[in-house]
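The structure under discussion appears below in the form of structure tokens.
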Amino acid sequence: MPAAVASLKVSSREVDGGGTKAKLVALTFDAGSSAEPVPKILRALAQRGLHCTFFLTGQWIERYPEAARQIAEAGHELGNHSWSHPAFTSLSDEQIREQLRRTEEIAQRVCGRSTKPLFRPPFGARDERVRAVVAEEGYLTIYWTIDSWDSVKKDITPQMITDRVMRYMRPGAIVLMHCGSEATAEALPQLLNALEAQGYQVVTVSDLLRASEP
Ligand SMILES: [Zn+2]
């Protein structure tokens, strides 16, 4: 799987979903805060033999090297979520490059894997310039189709997450979720059941994009 990732075409375009009509969905997990729910998330995915995409910050890898290694060793795809989670729109070009490079370096060192070519902007903050600099560094900016709200809505329940994600589900959707959300970890088994019942297959972001190429 990691080898095939390199075949993705990097550009400054923004990706917020796949163009495929097939019932493929990419669940993505951003990691910047807690690592506590990670074992439960990994268990739910492993039980079904599924692989997803995890966007890690460099500081998160530094703080939770064991969790980061477990994610990589389980065969999930890694993406770059910056070093310290700043809004890239407020950084200089050079600061953006530094954020991406430091995270790539620690991912290689701790997980033995590259984060290229997938970048998820902290806070979703991005514009033309950010995407262009990010592309020069070898990354495609990956936004999302559906925000599960697991990081923005306080007291969200697993049922609310499942209901919301399924309400907006469509072929090629990229779903934003978070490694630090206990509600997401709890929701996963029922969410995966619901997706399966509707004929959806869960894939990595790069597999989704490859399936969407003309
Ligand atoms: Zn984030």
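Annotations
- Count of residues meeting criterion [in contact with a Phe, Trp or Tyr (Cβ under 8 Å, 6 or more places away or on another chain) and closer than 16 Å to Leu56 by Cα] in region 135-154: 4
- Leu78 meets all of the listed conditions (1) crowded, with 22+ Cβ neighbours inside 10 Å; (2) without any contact (Cβ under 8 Å) to a residue 60 or more places away in the chain; (3) out of contact with any Cys (no Cβ under 7 Å at 6 or more places or on another chain) but one, namely (3).
- Taking region 139-148 as the range and being buried (at least 18 other Cβ atoms within 10 Å of the Cβ) and assigned to a loop (DSSP other than H, G, I, E, B) as the test, the residues that pass are Tyr139, Trp144, Thr145, Ser148.
- Meets criteria (more than 19 Å from Pro86 (Cα to Cα) and out of contact with any Ser or Thr (no Cβ under 8 Å at 6 or more places or on another chain)) for Ala26: no
- When residues of region 55-112 are limited to those that are among the acidic types (Asp, Glu) and away from the ligand (no atom under 16 Å from the Cβ), the one nearest to Trp144 (Cα to Cα): Glu77
- Criterion applied to Arg167, Arg131 was being under 14 Å from Asn80 (Cα atoms) and of a type in the set (D, E, K, R), and the one residue passing it is Arg131.
- Just so you know, in region 1-43 the residues that are of a type in the set (Asp, Glu) and at pLDDT 90 or above include one that is surrounded by the most Cβ atoms within 10 Å (Cβ to Cβ), and it is Asp30.
- Checking the stated criteria, Gly124 turns out to be touching a Leu at 6+ places or on another chain (Cβ under 9 Å) and either surrounded by fewer than 17 Cβ atoms within 10 Å (Cβ to Cβ) or among the polar types (S, T, N, Q) (or both).
- Among all positions in region 62-85, there is at least one residue which is touching a strand residue (DSSP E or B) at 6+ places or on another chain (Cβ under 6 Å) and β-branched (Val, Ile, Thr).
- Any hit, region 150-166, residues being in contact with a strand residue (DSSP E or B) (Cβ under 7 Å, 6 or more places away or on another chain), under 26 Å from Lys9 (Cα atoms) and modelled with pLDDT under 95: no
- Filter pass, Leu118 being more than 15 Å from the ligand (Cβ to nearest atom) and either among the β-branched types (Val, Ile, Thr) or surrounded by 23 or more Cβ atoms within 10 Å (Cβ to Cβ) (or both): no
The values are calculated or read from the model by the stated rules, or taken from the named source; none is laboratory data. As the structure is a computational prediction, the values presented were derived from the model and not from experiment. Virtual Cβ from ideal backbone geometry, glycine too; neighbours counted across all protein chains shown.
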